[in-house]
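Student: One structure is given below, represented as structure tokens, and several questions about it will come after.
The values are calculated or read from the model by the stated rules, or taken from the named source; none is laboratory data. None of the values given here were measured: they were computed from a predicted structure. Positions of Cβ are backbone-derived with ideal geometry, glycine not excepted, and every protein chain shown enters the neighbour counts. Please note that ligands, DNA and RNA were not included when accessible areas were found on the heavy atoms of the full protein model with its side chains. Shrake-Rupley method; radii C 1.70, N 1.55, O 1.52, S 1.80 Å.
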Amino acid sequence: MSMDFGKVAVLYGGMSAEREVSLVSGAAVHEALCAAGVDAHLVDTLDRQALFSLRERGFARAFVILHGRGGEDGQTQAILDALAIPYTGAGVAACAIAMDKVLTKRLWAADGLPVQPDMVIDGSTSFDALVTRLGASSFAVKPALEGSSVGISRVSGQEDLAAAYAKAGGASEKVMAEPWVAGRELTCAIIGDEALPVVEIRPANSHQFYDYDAKYRDDNTRYLCPAPLDAALSGEIQALTRRAFASIGAKGWARVDFILNEANRPWLLEINMAPGMTSHSLVPLAGKAAGLDFQAVVLKILAQTL
């Protein structure tokens with residue numbers, strides 16, 4: 001199969017807040033492709049000329065492993081469309097939708113998928129307004145247009161809100177609030193139309209939730225795959241993953257994150273259109289549980305471009 005791909009650009013790095021993670025993901029993907037005999041080359045999209053010259057440099061397709069804005073939000077996909085270069089993952093519209101958590105949840109709600117209510121806030125929003133509007137006593141405040149849990153805070157009173165708003169980017173960002181749901185953190189990856197085994201994430205006690213440090217720096221975070229769920233609930237989460245993926249017009253691959261509340265009800269949180277592929281990442285872990293090693297997962301994703 002590797003001979004069918006031609007010259008492959010592994011697009012990584014970029015300029016988002018998740019650049020550091022993308023550099024690690026891209027290096028791992030590149031190594032796996034090369035080991036499989038694919039003519040793969042790393043291209044850091046921080047160099048815009050390198051991106052715009054892909055076609056003239058003979059690249060036949062691209063593996064997009066950019067995280068965050070500029071690479072996961074449809075911008076890079078639009079350039080690749082203009083260059084007529086096939087690429088991994090979803091197209092411009094689905095990526096743009098997925099990058100905006102508020103818009104994504106609106107579409108999921110319209111399709112009858114389980115989402116918590118949310119509210120776009122600004123510097124004048126009061127804690128009492130959140131309680132009235134969202135019907136909860138504590139909230140997650142976060143940037144609507146970032147991934148990797150960048151800028152998230154738990155807010156339980158007025159004194160927390162201003163600091164959380166500033167941490168999420170303040171007036172320079174679209175900031176959202178949603179009820180804080182206590183429960184088990186789950187994720188499910190999808191490649192093509194196949195939902196992989198569900199993963200449960202258990203951060204160390206030093207973390208209030210699965211934040212950036214727990215994801216990428218703390219070796220004490222535990223990952224259980226397949227997640228210890230009964231077969232019916234696991235199947236329900238995989239089915240919700242496929243529906244959430246289709247609802248925004250996605251294709252290729254993605255990872256959908258959930259919170260499972262104390263009543264064992266799953267709530268959709270967000271969808272990641274170019275998930276991490278580091279040693280701490282969840283798609284390779286789920287692939288392994290499905291009988292696919294890292295190289296096989298990478299080739300399966302790239303094969304979606306054929």
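Student: Sort out for me the Cα centre separation of the stretch 245-306 from the stretch 62-85, rounded to whole Å.
Tutor: Value for the Cα centre distance between the two parts: 18 Å.
Student: For Tyr87, Tyr223, give me the order by solvent-accessible area with a 1.4 Å probe, most accessible first, ignoring ligands, DNA and RNA. Please report the intermediate quantities before stating the final value.
Tutor: Details: Tyr87 25, Tyr223 55 Å².
Greatest to least solvent exposure: Tyr223, Tyr87.
Student: So, one more: When the gyration tensor of the stretch 119-179 is built from Cα positions, what are the square roots of 5 times its three eigenvalues, in whole Å, from largest to smallest? Kindly include the intermediate steps, with their values, before the conclusion.
Tutor: Details: eigenvalues 56, 26, 20 Å².
Equivalent ellipsoid semi-axes, largest first: 17, 11, 10 Å.
Student: Can you give the translational diffusion coefficient of the stretch 8-89 in µm²/s, computed by Stokes-Einstein from the Kirkwood radius over Cα pairs at 10 °C and 1.306 mPa s?
Tutor: Numbers: Rh = 12.3 Å.
The Stokes-Einstein estimate is 129 µm²/s.
Student: Another question about this same structure. Sort Lys300, Lys105, Lys167 by accessible area with a 1.4 Å probe, largest first.
Tutor: Working: Lys300 65, Lys105 5, Lys167 125 Å².
From most exposed to least exposed: Lys167, Lys300, Lys105.
Student: Leaving ligands, DNA and RNA out of it, work out the accessible area of Met99 with a 1.4 Å probe and give it in Å² to the nearest 10.
Tutor: Answer for Met99: close to 20 Å² accessible.
Student: Now a separate question. Excluding same-chain residues fewer than 8 positions from Lys142, which lysines have a Cα within less than 23 Å of its Cα?
Tutor: Filter leaves Lys101, Lys105, Lys167, Lys174, Lys215.
Student: Whenever you get a sec, compute what percent of the accessible area on the stretch 1-160 sits on carbon and sulfur atoms (1.4 Å probe). Can you show the working numbers first?
Tutor: Values: 3410 of 6300 Å².
C and S atoms contribute 54 percent here.
Student: Note down the net charge around Phe294, summing +1 for each Lys or Arg and -1 for each Asp or Glu among other residues with Cβ under 10 Å from its Cβ. Let's see the in-between values first.
Tutor: Working: positive: Lys288; negative: Glu31, Asp293.
Summing Lys and Arg as +1 and Asp and Glu as -1 gives -1.
Student: Amide H of Tyr87 versus every other amide H placed in the peptide plane: which residues, excluding those fewer than 5 positions away on the same chain, fall under 5 Å?
Tutor: Close amide H contacts, sequence-distant or interchain: Ala62.
Student: Let me ask you something else. In whole Hz, with x marking every Gly and Pro, tabulate ³J(HN,Hα) for the stretch 105-117 from phi via Karplus 6.51 cos²θ - 1.76 cosθ + 1.60, θ = phi - 60°.
Tutor: Per-residue couplings from phi come out as 5, 4, 5, 4, 4, 5, 8, x, 7, x, 10, 7, x Hz.
Student: Taking the solvent-accessible surface of protein heavy atoms with a 1.4 Å probe, what is the per residue accessible area of the chain in Å²? Don't jump to the answer; show the numbers that get you there.
Tutor: Details: 12370 Å² over 306 residues.
So the chain comes to 40 Å² accessible per residue, rounded to a whole number.
Student: Under 18 Å Cα to Cα from Lys300, which lysines show up? Leave out anything in the same chain fewer than 8 places away.
Tutor: Partners found: Lys7, Lys251, Lys288.
Student: How far, in degrees from 0 to 90, does helix 231-247 lean away from the longest principal axis of the Cα atoms of the chain, to the nearest 10?
Tutor: The angle comes out at about 70 degrees.
Student: Now for a separate question. Which of the peptides 244-250, 55-61, 21-27 is most tightly packed, and how do the rest follow, judged by the mean count of other Cβ atoms within 10 Å per residue?
Tutor: Details: 244-250: 20.6, 55-61: 14.1, 21-27: 22.6.
In descending order of packing, they fall as 21-27, 244-250, 55-61.
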